[in-house]
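Everything on this sheet refers to the single structure shown next.
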Amino acid sequence: MQKKKFKIDWGNAMDKIKNQENSSKNSFKDERVYYPQFNENGTAQAIIRFLPSPDTEIPFINVFSHSIKGPGGWYIENCPTTLKNECPVCKANSSIWDSDPDTARSRKRKYNYYSNILVVKDPKNPENENKVFLFKYGFKIHQKIMEKLQPEEGGVDEPIMIFDYYDGTNFKLSIKKVQVGSVKMPNYDSSEFQTPCEVGTDEEIEKISKSLYSLADFNKPENFKPYVELESKFNRVVGVSKPRPVTPKAETSTVENTEVDASEESVFDGDENNFFDKLKNEE
């Protein structure tokens with residue numbers, strides 16, 4: 001048989017295509033953000049140290065977001081109120097709060113805090129130890145932080161500057177998977193701060209300080225979509241055919257409440273393996 005002059009061996013190309021496809025499927029994961037690996041029994045533990053911010057006065061930053069499931073799919077977006085701008089979801093919630101508080105509550109904005117951390121101990125992935133990461137956490141862990149920074153007035157506890165290199169304290173991160181509806185979500189109730197201690201020598205602290213990630217970047221305007229675009233998407237998700245004032249009737253007749261969303265802020269803290277980030281990229 002005559003050899004085909006321009007025959008191409010597609011073996012290497014297909015290998016690269018497969019690798020590229022696999023990479024794109026996992027692209028929702030931010031490698032800067034730390035999340036411990038779960039054991040087979042559904043628990044995860046690590047010891048972390050909260051660190052100062054390199055470019056904001058406050059050592060943490062909060063980005064509000066909405067995670068809504070409706071007949072038109074998912075609405076997973078940063079909330080413009082983070083920047084003190086108007087948000088179509090918050091506006092719609094205000095209009096139905098008295099008549100349909102359950103729907104409004106299920107759509108309310110969620111707290112997403114970010115801080116720099118040092119991983120002190122990670123039994124499942126020891127290669128993470130002594131490295132700086134970003135840590136994403138919710139309102140519950142933030143409450144634990146504030147209880148140390150601003151303990152109950154008139155109580156016996158003294159304030160602990162947990163983000164300080166010298167006077168701060170390590171944090172035992174203890175997570176358990178708990179069933180909520182059809183989804184298992186992480187519970188952080190057992191997490192706790194330990195005895196104050198120095199994070200390391202001055203030489204080690206200098207190395208850590210040079211590895212900190214920007215927090216100010218999270219609140220850049222380009223990370224928030226324009227109001228008109230958000231309104232259009234929100235109307236599509238909840239089943240409104242075109243932008244118009246949201247009424248209690250339209251809200252209650254077209255939207256599905258999601259048990260996870262409704263309880264996440266009061267019971268759970270954080271997103272298991274970037275749960276909502278993954279949903280957003282699968283739209």
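No lab work stands behind these numbers, since they all come straight from the coordinates. Quick caveat: nothing in here was measured; it's all calculated off a predicted structure. Here the Cβ positions follow ideal geometry from the backbone for every residue, glycine too, while neighbour counts run over all protein chains shown.
Each residue of region 173-179 in turn: what ³J(HN,Hα) in whole Hz from Karplus with 6.51, -1.76, 1.60 and θ = phi - 60°, glycine and Pro shown as x?
My calculation for region 173-179 gives 8, 10, 10, 10, 7, 10, 6 Hz in order.
Using packing as a proxy for protection, rank 201-212, 149-160, 118-129 so that the peptide with the highest average count of other Cβ atoms within 10 Å comes first.
Peptide ranking by packing, descending: 118-129, 201-212, 149-160.
Can you put MET185, MET161, MET146 in order, fewest other beta carbons within 10 Å first?
MET146, MET161, MET185
Going by Cα centres, region 63-119 and region 120-144 are how many Å apart?
25 Å
Assuming R0 = 25 Å, can you tell me the calculated FRET efficiency for the pair ASN219 and GLN143, based on Cβ-Cβ distance, to the nearest 0.05?
The calculated FRET efficiency here is 0.70.
For the pairs LYS69/LYS233; LYS140/LYS177; LYS124/LYS172; LYS136/LYS172; LYS148/LYS210; LYS110/LYS148, flag any whose C-alpha to C-alpha distance is greater than 18 Å.
As for pairs spanning more than 18 Å Cα to Cα, those are LYS148/LYS210; LYS110/LYS148.
Assuming 0.36 nm per residue, please report the length gained on full extension of the stretch SER99 to CYS197 beyond their Cα-Cα distance.
Contour length minus Cα-Cα distance gives 30.1 nm.
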